[in-house]
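A short reminder: the numbers here are calculations on the coordinates, not readings from a lab. These numbers were taken from a predicted model, which means no experiment stands behind them. Cβ coordinates were reconstructed from backbone atoms using ideal geometry, including for glycine residues, and neighbour counts include every protein chain displayed.
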Amino acid sequence: MANLDSVLGCLDLNLDRSVERLSALLRIPSISTDPDYREQCRLAAEFLVGDLSAIGFTASVRETPGHPMVVAHHEGPENAPHVLFYGHYDVQPVDPVSEWKTGPFEPVVESRLDGTRKIVARGSADDKGQLMTFIEACRAFKAETGGLPCRVTIFLEGEEESGSPSLNPFLDANREELSADVALVCDTNMWDRETPAISTGLRGLVGEEVILRAASRDLHSGYYGGAAQNPIHVLSKILAEMRDETGRITIPGFYDDVSEVPDDVKKSWQGLDFSAESFLGDVGLSIPAGEKGRSVLEQTWSRPTAEVNGISGGYTGKGFKTVIAAEAMAKVSFRLVFDQDPDKIRAAFRKFVEDRLPEDCEVEFHPHGGSGAIQLPFDSPLLQKARQALSDEWPKPAVMIGMGGSIPVVGEFKSRLGMESLLIGFGLGDDAIHSPNEKYEMTSFHKGQRSWARVMAAIGEG
Ligand code: BES
Ligand code: MN
């Protein structure tokens with residue numbers, strides 16, 4: 001198709017300029033979870049509105065009680081499908097900042113000896129680089145053809161990394177405006193650097209903060225030690241009891257709504273060239289720590305987990321202090337699969353803790369978001385088109401994969417707007433999202449743009 005070829009050529013010619021635009025966005029420290037960065041989140045939203053307006057979208061910053069959303073519209077050819085593109089402009093905190101080799105918000109392009117290049121900055125892969133792949137594809141279409149091959153709405157969130165507190169009310173209040181034939185979500189990974197992927201499953205997530213209180217004040221650990229309850233011991237014992245020696249979660253009812261992966265899906269996973277050794281080896285590990293008797297792909301894609309994400313209490317400063325703390329705190333999250341209900345799992349966890357609480361202790365819980373697992377259709381016509389378009393761009397044909405992470409908006413698109421999603425992303429397993437020295441491959445950025453041009457063209461063909 002002549003049009004598509006010229007759009008792809010335009011993306012090739014303008015790669016450097018697209019990296020500059022991405023870099024400008026990466027310089028804005030839009031950390032959504034930290035109130036100190038509130039203004040920066042707004043700046044990122046305004047930047048994107050400016051950029052989308054420049055390409056001819058009708059774009060606006062939309063207020064919420066939290067960080068603003070970005071919504072932008074562009075018409076398409078008559079009767080062409082309408083797609084909603086979703087991404088998030090907020091990023092994770094950068095700590096531990098001392099581990100970064102370059103400033104987290106000072107993006108740099110680094111070349112390797114083999115000639116490959118990467119863009120290093122917080123948010124480069126999650127999700128600013130990814131969302132810009134789509135915007136760059138739109139920009140090239142406009143430049144080369146004067147229009148877009150389908151009707152496009154772009155919806156960018158600024159609270160994805162902090163539990164999306166404003167998302168559901170916003171979707172409900174703007175249902176008409178945000179409803180489209182399909183949502184395109186660019187926040188996932190490829191299978192490997194040569195093989196693009198469409199993710200058809202996502203795990204759900206429940207977050208809980210637990211504060212366990214014992215004595216009415218911090219105590220001298222010699223004067224009271226032996227007699228006084230130590231909340232750090234109580235809490236860590238309860239948390240440790242959540243998993244047995246086989247890696248199974250012991251919370252009563254936890255597995256009630258967990259099914260086995262259907263045989264055809266299992267078979268398709270077995271066809272993937274996956275090495276548990278290198279998956280773990282890449283991060284300095286060698287022994288799968290999940291449920292015994294399950295493959296690592298099962299452990300991360302189709303089995304639920306209970307993880308302690310953070311724990312604190314007592315004296316952790318310099319030197320030493322002989323103290324029995326008055327309280328201990330932990331942040332715990334559960335990855336959910338199949339029909340596990342976030343509310344039910346939360347309640348089961350709370351009961352598990354309360355049932356083990358000594359009578360003279362108290363516990364307090366704070367919820368941090370909850371979303372169910374997602375299973376997307378395996379065989380929709382749109383998915384087949386996208387799969388072909390991706391296969392045309394990359395060295396190897398596209399595969400369908402599961403995903404251990406969570407993207408709660410996908411479930412809300414389905415339940416609130418009746419809209420299915422297509423999860424296409426160009427991240428790689430070693431991008432270090434949420435970690436120091438996060439990077440996005442230049443090939444991900446460049447071929448990601450080209451991929452969206454192809455996918456949009458394929459969807460537009462009808
Ligand atoms: N982009 C990630 C999801 C992801 C993880 C994709 C791993 C590919 C590989 C997303 O931004 C994310 O981190 N989501 C959070 C959800 C949460 C904070 C509600 C997650 O999965 O922890
Ligand atoms: Mn993300």
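With 0.36 nm allotted per residue and the present C-alpha distance subtracted, the ILE211-VAL109 stretch has 32.4 nm of extension available.
Taking R0 as 60 Å, what's the FRET efficiency between THR145 and ARG350 from their Cβ-Cβ distance, rounded to 0.05? Once rounded, the FRET efficiency stands at 0.60. Using just its DSSP H runs of length 4 or more, each adding -39500 (n - 2.57), the chain gives a mean residue ellipticity at 222 nm of -10000 deg cm²/dmol after division by all residues. Remark: the ILE311-LYS267 segment gains 11.9 nm on full extension, using 0.36 nm per residue and subtracting the alpha carbon distance.
Please identify the GluC sites (Glu not before Pro) of the range 305-404 that satisfy two criteria: DSSP loop assignment and at most 15 other Cβ atoms within 10 Å. Which are they? Numbers along the way, then the final one.
Values: sites: GLU307, GLU327, GLU354, GLU359, GLU362, GLU364, GLU393; in loops: GLU359.
The qualifying sites are GLU359.
All alpha carbon pair distances within the range 352-462 were sorted into 10 Å bins beginning at 0; the resulting P(r) in whole percents reads 11, 30, 30, 14, 8, 6, 1.
For the range 192-200, the Karplus equation 6.51 cos²θ - 1.76 cosθ + 1.60, evaluated at θ = phi - 60°, returns couplings of 8, 5, 10, 10, x, 9, 10, 8, 10 Hz by residue, with Gly and Pro reported as x. Annotation: for a label point projected 7 angstrom from Cα along Cα→Cβ of GLU194, residues of the range 368-401 with backbone N closer than 18 Å are 390-400.
If each residue of separation counts as 0.36 nm, what is the full-extension length gain between HIS220 and LEU15 once their alpha-carbon separation is subtracted?
Working: separation 205, 0.36 × 205 = 73.80 nm, distance 6.28 nm.
Contour length minus Cα-Cα distance gives 67.5 nm.
Counting only alpha carbon atoms, the long axis of helix 2-13 and the longest principal axis of the chain meet at about 60°. Taking every Cα-Cα distance in the range 398-456 and sorting them into 5 Å bins from zero, the calculated P(r) comes out as 4, 14, 19, 20, 22, 14, 6, 1 percent.
Can you give the Rg to Rh ratio of the range 1-135, both from alpha-carbon atoms, with Rh computed by the Kirkwood formula? Before the final figure, lay out the partial values.
Numbers: Rg = 16.6 Å, Rh = 16.5 Å.
Checking Rg against Rh, the ratio lands at 1.01.
Per residue, the convex hull spanned by the Cα atoms of the range 68-227 measures out at 243 cubic angstrom. With the simple model of a label 7 Å out from the Cα in the direction of the Cβ, ASN79 to SER259 spans 3.8 nm. For the range 28-80, pairs of C-alpha atoms spaced more than 16 angstrom apart make up 47 percent of the total.
Note: the chain, Cα convex hull, 159 Å³ per residue. Against the main long axis of the alpha-carbon atoms of the chain, helix 342-355 sits at an angle near 10°. Computed from Cα atoms, the angle from the helix 231-241 axis to the main principal axis of the chain rounds to 60 degrees. Given R₀ = 25 Å, what would the calculated FRET efficiency be for VAL61 paired with THR102, taking r from the Cβ atoms and rounding to 0.05? The formula returns an efficiency of 0.25 here.
Note on SER415 and ARG117: with the Förster distance fixed at 41 Å, the Cβ-Cβ geometry gives a FRET efficiency of about 0.50. Under 5 Å from the amide H of GLY204 lie the amide H atoms of LEU336, VAL337, ALA373, ILE374, each residue being 5 or more positions distant or on a separate chain, with H modelled from the backbone and absent for Pro and chain starts.
Of all lysines in the structure, those lying under 25 Å Cα to Cα from LYS318, and not within fewer than 8 positions of it along the same chain, are LYS331.
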